[in-house]
């Protein structure tokens, strides 16, 4: 997928805002939002939150997981667990990137938070690379006790393995099919050859 | 207009045409649900190598809604907050619908012969293309063949070109990523191992092994 | 063959203007080469025809490999010729999606008459399909996910008047800067008339 499309999907995440004006509820197709009451926190889709922030119509409320201590724990958990852990947000990379751009002034310890998210992403990428190795070497090999799992992998992360992983795997499967065909053909010929030789003698 | 927007949706009916997915038996569809269905169809179509059953009714309903909403918005001042918000959402949904339809057209153009042949074999209740798509694919196929004829084939001896040898087929064994929406037993992968499809689990498997589960709605391509 | 990545991404995504320029320049007519390839097919066919007649007289099997060779050559040439024509059609499709239904003079110059006809026919097919929806839907718009309703653009060439959906008319003069609905300048950006100013 296009990075822009992944961002587009991430922008649908519901996000907290504190509007600075009053307005009646708006019935969007995706959801009803509002009513807007100045100073009262409420939820809107991220795309709208960002638009409103740009127009200085609101303050963005950070999701609870954009927090130094919480992310430090998350990083430790990610290190300990051999599998991908469940992220607090399906689109954590997209959402954090957008918030770093549009709500930088509202994020305490922003540099540390940025680094932590990058670290977690890197740990997960390293796991993804080992998973790719495992898939491509073949699950049937000796390491069969290690299970390949894509659970909890987020869309953006899946996209970093695409198209390479599915493509390479398709290619290997294709080669294997040709190989099997070829070796069964070889068997056929040896069989018919021996059949031929036995009949001549 | 704010309150009648929702009512307007609930008046729309989704007819029960015996489509193969079982959740079609509900008569009314909320706008949220309609949007979710289209988003899901879009993602499935984008990631599947073959063409999937067309969600024509959903598209028609949505386009109708978009047109209606646009009409209602015309009366409102262009700087009105409500208008801007609705317009932004309209643009987003329009993108999804357009991208969904483009994705299908692209498959029709690339695998024209293959898709048309398969479609002809399907019984009436299992058709995957809309009438307009069939027409587009047939006309497109004809235009390319006529072009080949005009510029190359008529200048060489007859029967030197075998049309069946240049059918372009999608690789149905290509690997796709998906999330299980509803637990649906196990699938045997290409290494003869059983893969358990538990709700919310994510997997990568060849499309052909799980294509029926996509159509049933038990899994979602991602 | 290995269609996975191709079938899952929107190839209609618009490229930069440079890419489109490159695309146009790549459409260079090589009808002479095509003619040579087709001629080779005819020659090979004739030679095989002669060889077959000769075999009926002489029953000389030593000419078989040569017949087989010419047949393979002939098949290969047919494939190459059609692949070449098909790839040009793919480029024409891109021109249609990126630049709209009218061929500019420089593109036209690089095309054969049947290709121009094919392009016009393709435009018609596409239009028919898009009009099959109530109110119609323009699939060549909304190519990228929307970001904001209005964007700031710089005019790169004199383009004259542009009437907006709101009825407002603006004058697009070289180097002028405008704040326009993004949906209405998408195509002009792809054509290289406007440039999106990103700050």
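Some points to look at:
- Relative contact order (%) - the range B:171-222, alpha-carbon pairs under 8 angstrom, separation at least six: 49 percent
- Sorted from greatest to least, the principal axis extents spanned by the alpha carbons of the range B:171-222 come out as 24, 21, 15 Å.
- Per-residue shielding of A:45-52, expressed as the average number of other chain Cβ atoms within 10 Å of the residue Cβ, stands at 3.
- Shielding by other protein chains, C:109-121, mean Cβ within 10 Å: 2
- Within a Gaussian network of chain A (alpha carbon springs, distance under 10 Å), most fluctuating of A:48, A:60, A:99: A:48
- 0 to 90° range, to nearest 10: angle between helix B:112-121 axis and chain B longest Cα axis: 80 degrees
- Cα-based convex hull volume of the range B:145-200 per residue, rounded to whole Å³: 150 Å³
- Estimated purely from DSSP H runs of n ≥ 4, each contributing -39500 (n - 2.57), the mean residue ellipticity at 222 nm for chain A is -18500 deg cm²/dmol once divided by its residues.
- Label-to-label distance for residue C:131 and residue C:36 is 4.4 nm, based on points extended 7 Å past Cα in the beta-carbon direction.
- Helix B:31-47 vs. chain B, principal-axis angle (Cα, 0 to 90°, nearest 10): 20 degrees
- For the range C:150-196, averaging the sequence separation of C-alpha pairs within contact (under 8 Å, six or more residues apart) and dividing by the residue count gives a relative contact order of 49 percent.
- Cα long-axis angle, helix A:110-137 against chain A (0 to 90 degrees, to the nearest 10): 20 degrees
- Residues B:42, A:47 arranged by fewest to most Cβ contacts within 10 Å: B:42, A:47
- When B:117, A:154 are arranged by Cβ crowding within 10 Å, least crowded first, meaning fewest neighbours, the order is B:117, A:154.
- Overall shape: oblate for chain B, with the ratio a/c of the largest to smallest alpha carbon gyration tensor axis at 1.5 or above and b/c at least equal to a/b.
- Going from the fewest other Cβ atoms within 10 Å to the most, the residues A:89, C:155 appear in the order A:89, C:155.
- Largest mean-square fluctuation among A:177, A:80, A:129, in a Gaussian network model of chain A whose springs join Cα atoms under 10 Å apart, belongs to A:177.
- Normalising the average separation of contacting C-alpha pairs (under 8 angstrom, six or more residues apart) by the number of residues puts the relative contact order of the range A:64-162 at 41 percent.
Read-outs: derived from the displayed coordinates by stated rules, not from any lab. The structure presented is a predicted model; accordingly, all values stated were derived computationally and were not measured. A quick note on method: Cβ atoms are made from the backbone with ideal geometry, for glycine too, and the neighbour counts reach across all protein chains shown.
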